[in-house]
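Asker: Quick one: the structure is below, and I'll ask about it shortly.
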Amino acid sequence: MNHQRLLALQAVGALLLLVVAVQLVRLQLYGEVPALAASRNAPQAAVSGEFVRSIPVEPLRGLITDRRGAILAYNVATFSLALVPGDLPTDPAERLVAIRSIERIGLVPRSVIEETLAQPLAEIDPLAPLTLREGFDREEAIALRAALADVPAARVRTAPRRVYGGGDLLAHMIGYVGPITAEQAEAYLDAGYRLDALVGRAGVELSYESELRGEDGERLVIADPVGRELRSLGADPAHGGVDLVLSIDSELQRAATAALARGIEQGIDYAVNVENRDRDELARSGAAVLLDVRSGELLALATYPSYDVGAFAWHNRGEDIAALLNDPTRPLVHRAYMEAPAPGSIFKPFVGAAALQEGVATPTTQIFSSGTLEIQSIYDPEVVYTFRDWAPHGLLDFYTGLTRSSDVYYYYLAGGYDQDGEVFEGLGVERVAAYARAFGFGAPTGLDLPGESSGLVPDEAWKEEVIGEPWVLGDSYNMGIGQGFLEVTPLQMAVATAALANGGDLLVPRVASAMRTLDGMAPIERQVAGVVPVDARHLEVVREALRRAADAGGTAWRGEPLDVEIGGKTGTAEFGRTNAEGLLASHGWYIGFAPYDDPEVAIVVYLEYGVGATHAGPVAKEILTAYFNIDISPEDEWYGTPAATVGRAQP
């Protein structure tokens, strides 16, 4: 062995001896150092009574912005008073002294302290700090930390807290963060969370929790027996979460919300003044959806009523939240995707597409509407059922049947007709249901927000199981015009309308468009849930019928903005209780896509009360006007006859 190799071996041996010596000293002084070990929160007792403790470092949560970069959720540094149950003395007398000191110095009622200690989380992880008070400024926090220095279990902590902008415009979409509940504890522990972490509880804060959250860091410190930090052993920095960019345009959202509110009031006035309903019993609610038919991005997702997301901010607990939970108008429910009312005639385009595909109808199929359709009972020929149209339309082909929204035409397409030697084979309930599901009805759309409703597409088996009765022809007739047991969400209707417009792609809608990291922007990819089983030539026929419906003379003309050609359809769905005249209340609906020749967006408007053509249509027009950035003069008549056209609108 040469001399150089001998020197190298001696150096390695000396280094190993040094490492062993250092470890022996550390074990003698502090016990086993748990740095980066699985049991980081378990304090290690030292011979001197001191402990090695892992102090978590909370990461900065990612920002949330709209598509234009407006900040909707950000972080501020806050100071809080917390209690660590596991650090309270075990001796009852000493424990009582510590609690009374926290009560007196921290100005925390004894009842709050006892309630905090009774939380299930205190048993699951006794070393997780439980917040008693928040909202101190820096000077108050310094003074409080000094005053509580000798009180076991009391901690004055610094942590980032969430602040929300946008008020009630985007509350459901942004969501909020909150403490981990006892029911969630096991799942979050398995995911590596601390039990005192704040996590997403609603909106994208919940849907994109792991991305927004980031990764915890930690500090290893030497602490005395009452938990006070004596000196640092080192730190592993936290890594902040990614920023989330929403697809929502705040200005379009604002325009949609304002237009929706006006439409709701118009519908309420109609229900009161025309239908003689009690204004105090009517719910002011509705929704509007503006969806990019090419990408599935939601540009506006409005609901009414809404709530101020600031009610769930860290500094605003208790009474405001209780008021929201007990509000009879249910502002926490987003009407666009959490509720599923009957769609009425806006369902007809999808029945029409199915009829064309199945050969039940062609563009030239003619059906006569006298204003009623009479059907003899199959059980008793003396009993005749009358199914009404909203008006006598005369002889109709496919285009005029949809343009005029004839109920009789769609009774034929959905249920058929077999009376007095005249036979017309309709689709039947099973085919109507199958195509409805193919267009996305009856199942969640896959929206990246929690709480989405599935809606309901009924069929024979469903009625037998749930209602306990067989399916009859009248059920098929009602389903064909979007009534009966059928239930859809406005968002489902937007996705289905987009499929008509884009050639058949059933898009997965989303409110998040990209994630921004230090490496740049990472767009969220377009997702297609499926392709509707309708040939392109049949979809084109339906689109052309919708174009005619939105022109002067069609039922949907009030939704067409100035000098932008669109496809549109209205719906007025009966529901609820009858009035003094025996008339049911009605939902007002409007669907459309624009521009007609090169579709960019699909729009859906839903009003709990009102008429589709009269009240929902103008809301759609106002939202599309904002989207296409069309200037409207005060002289333009908004709810009356078609206004004069102006120059070509620019997107």
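Asker: For segment 555-586, give me each residue that is in a loop (DSSP other than H, G, I, E, B) and modelled with pLDDT under 90.
Answerer: Filtering segment 555-586 for residues in a loop (DSSP other than H, G, I, E, B) gives 555-556, 560-566, 579-583.
Across segment 555-586, the qualifying residues are N579, A580, E581, G582, L583.
Asker: Sort out which residues of segment 615-651 are modelled with pLDDT under 95 and under 30 Å from A342 (Cα atoms), and write them in order of number. Walk me through how you get there before you give the answer.
Answerer: First, the residues of segment 615-651 that are modelled with pLDDT under 95: 629-651.
Once the filter is applied, which keeps residues that are modelled with pLDDT under 95 and under 30 Å from A342 (Cα atoms), segment 615-651 yields W638, Y639, G640, T641, P642.
Asker: Take segment 71-92 and flag every residue that is of a type in the set (S, T, Y), within 37 Å of the chain's Cα centre (by Cα) and open to solvent by 50 Å² or more (accessible area, probe 1.4 Å). Steps first, please.
Answerer: First pass over segment 71-92, keeping only residues of a type in the set (S, T, Y): 74, 78, 80, 90.
Imposing the further condition that a residue be within 37 Å of the chain's Cα centre (by Cα) reduces the set to 74, 78, 80.
Y74, the sole residue that qualifies.
Asker: Now a separate question. Take segment 327-379 and flag every residue that is at pLDDT below 95 and aromatic (F, W, Y).
Answerer: Of everything in segment 327-379, just one residue is at pLDDT below 95 and aromatic (F, W, Y), namely Y379.
Asker: Mind telling me which of the residues A529, A536, A573 ends up being free of Cβ contacts under 8 Å to residues at least 60 places away in the same chain and either in contact with a helix residue (DSSP H, G or I) (Cβ under 8 Å, 6 or more places away or on another chain) or surrounded by fewer than 21 Cβ atoms within 10 Å (Cβ to Cβ) (or both)?
Answerer: Values: A529 fails: free of Cβ contacts under 8 Å to residues at least 60 places away in the same chain; A573 fails: free of Cβ contacts under 8 Å to residues at least 60 places away in the same chain.
Only one candidate qualifies: A536.
Asker: Which ones in segment 495-522 are in a helix (DSSP H, G or I) and open to solvent by 40 Å² or more (accessible area, probe 1.4 Å)? Before the answer, list the steps.
Answerer: Start the filter on segment 495-522 by keeping residues that are in a helix (DSSP H, G or I), which leaves 495-502.
Of everything in segment 495-522, just one residue is in a helix (DSSP H, G or I) and open to solvent by 40 Å² or more (accessible area, probe 1.4 Å), namely N502.
Asker: Just to be sure, is I142 surrounded by fewer than 20 Cβ atoms within 10 Å (Cβ to Cβ), modelled with pLDDT under 85, of a type in the set (A, V, I, L, M, F, W, C) and out of contact with any strand residue (DSSP E or B) (no Cβ under 6 Å at 6 or more places or on another chain)? Break it down stepwise before answering.
Answerer: On the way: surrounded by fewer than 20 Cβ atoms within 10 Å (Cβ to Cβ): yes; modelled with pLDDT under 85: no; of a type in the set (A, V, I, L, M, F, W, C): yes; out of contact with any strand residue (DSSP E or B) (no Cβ under 6 Å at 6 or more places or on another chain): yes.
No; evaluated as a whole, the condition is false for this residue.
Asker: Now for a separate question. Among the residues of segment 226-242, write down those that are buried (at least 21 other Cβ atoms within 10 Å of the Cβ) and either at pLDDT 95 or above or among the hydroxyl-bearing types (S, T, Y) (or both).
Answerer: Within segment 226-242, V242 is the sole residue that qualifies.
Asker: Those residues that are in a loop (DSSP other than H, G, I, E, B) and among the β-branched types (V, I, T), I need them from segment 368-403; list them, please. It would help to see each step written out before you state the result.
Answerer: Of segment 368-403, the ones in a loop (DSSP other than H, G, I, E, B) are 370-371, 377-383, 389-393, 397.
Of everything in segment 368-403, those that are in a loop (DSSP other than H, G, I, E, B) and among the β-branched types (V, I, T) turn out to be I378, V383.
Asker: Checking the condition surrounded by 21 or more Cβ atoms within 10 Å (Cβ to Cβ), β-branched (V, I, T) and either under 16 Å from S54 (Cα atoms) or out of contact with any strand residue (DSSP E or B) (no Cβ under 9 Å at 6 or more places or on another chain) (or both), which residue from V177, V204, V221, V151 passes? So that I can check it myself, show each step before the final result.
Answerer: Values: V177 fails: either under 16 Å from S54 (Cα atoms) or out of contact with any strand residue (DSSP E or B) (no Cβ under 9 Å at 6 or more places or on another chain) (or both); V204 fails: either under 16 Å from S54 (Cα atoms) or out of contact with any strand residue (DSSP E or B) (no Cβ under 9 Å at 6 or more places or on another chain) (or both); V221 fails: surrounded by 21 or more Cβ atoms within 10 Å (Cβ to Cβ).
After ruling out the rest, the residue left standing is V151.
Asker: Here's another thing I want to ask about it. Those residues that are under 37 Å from the mean Cα position of the chain (by Cα) and open to solvent by 10 Å² or more (accessible area, probe 1.4 Å), I need them from segment 412-426; list them, please. Quick ask: steps written out before the conclusion?
Answerer: As a first pass, look at segment 412-426 and keep what is under 37 Å from the mean Cα position of the chain (by Cα): 413-415.
Scanning segment 412-426 gives a single hit, G415.
Asker: Please pick out the residue among A311, A353, A323 that is open to solvent by less than 20 Å² (accessible area, probe 1.4 Å), free of Cβ contacts under 8 Å to residues at least 24 places away in the same chain and not aromatic (F, W, Y).
Answerer: None of the others qualify; the one that does is A311.
Asker: Please go through segment 431-442 and pick out each residue that is open to solvent by 20 Å² or more (accessible area, probe 1.4 Å) and in contact with a helix residue (DSSP H, G or I) (Cβ under 7 Å, 6 or more places away or on another chain). Lay out the reasoning, then the answer.
Answerer: Filtering segment 431-442 down to residues open to solvent by 20 Å² or more (accessible area, probe 1.4 Å) leaves 431, 434-435, 437-438, 442.
The answer is R431, Y435, G442.
Asker: Now, a different point. Picking from D389, D418, which residue would you name as being of a type in the set (D, E, K, R), touching a helix residue (DSSP H, G or I) at 6+ places or on another chain (Cβ under 7 Å) and modelled with pLDDT under 95?
Answerer: Details: D418 fails: touching a helix residue (DSSP H, G or I) at 6+ places or on another chain (Cβ under 7 Å).
Every option except D389 fails the conditions.
Asker: Does segment 454-473 hold any residues that are open to solvent by 30 Å² or more (accessible area, probe 1.4 Å) and of a type outside the set (A, V, I, L, M), and which are they? Working first, answer last.
Answerer: Restricting attention to segment 454-473, the residues satisfying the condition of being open to solvent by 30 Å² or more (accessible area, probe 1.4 Å) are 454, 456, 460-462, 464-473.
Passing the criteria: S454, E460, W462, E464, E465, G468, E469, P470, W471.
Asker: Please determine, by comparing only the residues of segment 246-290 that are surrounded by fewer than 24 Cβ atoms within 10 Å (Cβ to Cβ), β-branched (V, I, T) and modelled with pLDDT of 95 or more, which one is nearest to S586 (Cα to Cα).
Answerer: That would be I268.
Asker: Among the residues of segment 476-492, is any open to solvent by 10 Å² or more (accessible area, probe 1.4 Å), under 23 Å from the mean Cα position of the chain (by Cα) and over 22 Å from T364 (Cα atoms)?
Answerer: So far as segment 476-492 goes, yes, one or more of its residues are open to solvent by 10 Å² or more (accessible area, probe 1.4 Å), under 23 Å from the mean Cα position of the chain (by Cα) and over 22 Å from T364 (Cα atoms).
Asker: So, in segment 359-402, of the ones that are closer than 22 Å to G484 by Cα and of a type in the set (S, T, N, Q), which residue ends up most open to solvent (accessible area, probe 1.4 Å)?
Answerer: For segment 359-402, the residue satisfying everything is Q376.
Asker: I've got another one for you. For segment 417-452, which positions are assigned to a helix (DSSP H, G or I) and either of a type in the set (D, E) or farther than 13 Å from V360 by Cα (or both)?
Answerer: Going through segment 417-452, the residues assigned to a helix (DSSP H, G or I) turn out to be 429-438.
The answer is V429, E430, A433, A434, Y435, A436, R437, A438.
Asker: Given the options L130, L121, name the one that is of a type outside the set (K, R), open to solvent by less than 50 Å² (accessible area, probe 1.4 Å) and out of contact with any Ser or Thr (no Cβ under 7 Å at 6 or more places or on another chain). Walk me through it before giving the result.
Answerer: Details: L130 fails: out of contact with any Ser or Thr (no Cβ under 7 Å at 6 or more places or on another chain).
Result of the check over L130, L121: L121.
Asker: Check segment 206-228 and report whether any residue there is among the β-branched types (V, I, T), touching a residue at least 60 places away in the same chain (Cβ under 8 Å) and under 21 Å from L244 (Cα atoms).
Answerer: no
Asker: Give the residue, chosen from Y596, Y609, that is farther than 29 Å from I268 by Cβ, in a loop (DSSP other than H, G, I, E, B), touching a strand residue (DSSP E or B) at 6+ places or on another chain (Cβ under 8 Å) and aromatic (F, W, Y).
Answerer: On the way: Y609 fails: farther than 29 Å from I268 by Cβ.
Every option except Y596 fails the conditions.
Asker: Tally the residues that are under 14 Å from S54 (Cα atoms) and in contact (Cβ under 8 Å) with a residue 40 or more places away in the chain, restricting the search to segment 229-243. Step through it out loud before you land on a result.
Answerer: Within segment 229-243, the first condition is being under 14 Å from S54 (Cα atoms), and the residues that meet it are 229-238.
Filter again for in contact (Cβ under 8 Å) with a residue 40 or more places away in the chain, leaving 229-230, 233-238.
Result for segment 229-243: 8.
The values are calculated or read from the model by the stated rules, or taken from the named source; none is laboratory data. Just so it is clear, the model here is predicted, and its values are computed rather than measured. Don't worry about glycine lacking a Cβ; one is built from the backbone with ideal geometry, like all the others, and counts go over all protein chains shown. Note: areas computed on protein heavy atoms with side chains; ligands, DNA, RNA excluded. Shrake-Rupley method; radii C 1.70, N 1.55, O 1.52, S 1.80 Å.
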